[in-house]
């Protein structure tokens, strides 16, 4: 389970491991350390870029919802003639906010499942190491290890699907902003609202 603690392996139980195996393990750790740091740095960069992009979607769509009414008042737009465009513009910006919120929520659950998968993998690796130190794993222990491996793979699959869905929602949020901006620009084509004097002249 997430957050479960793995009891450390006593040194006395690791004694059966051959010295050559220990040396090979240490060499492998030294060789893999730079790659692990690169992977961690790449993950941090990807998360930072994703958060920055989602913030931009919130700011663009939310800011547009706030600025749109002021823009209409400033341009003295004929609201009756531009009613359909106004509804579509507001709807697009609001949809962009909803998509951005859903993308953030899916991103959160993506990290939750990634953490669960890592916890299961850590548990399986710890059990395998303890079994090797004890001189071999019994059949029940092997079954538990395989169960942890299966849960790790399942969590990785779910996290991958959630991440793909979050990316799609982020793209939809950007497209919604573009659509809202298009409809907002379309209100310029309707012309200004008629003044009272012009209305009296027409009568």
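Against the conditions (1) surrounded by 19 or more Cβ atoms within 10 Å (Cβ to Cβ); (2) within 31 Å of the chain's Cα centre (by Cα), where does residue 56 fall short? Just the number, please.
(1)
Check residue 49 against each of (1) under 30 Å from residue 91 (Cα atoms); (2) modelled with pLDDT under 85; (3) surrounded by 11 or more Cβ atoms within 10 Å (Cβ to Cβ) and name the one condition it does not meet.
With (1) under 30 Å from residue 91 (Cα atoms); (2) modelled with pLDDT under 85; (3) surrounded by 11 or more Cβ atoms within 10 Å (Cβ to Cβ) applied to residue 49, the lone miss is (3).
The values are calculated or read from the model by the stated rules, or taken from the named source; none is laboratory data. This is a predicted model, so every value here is computed, not measured. Glycine gets a Cβ as well: all are built from the backbone with ideal geometry, and neighbour counts include every protein chain shown.
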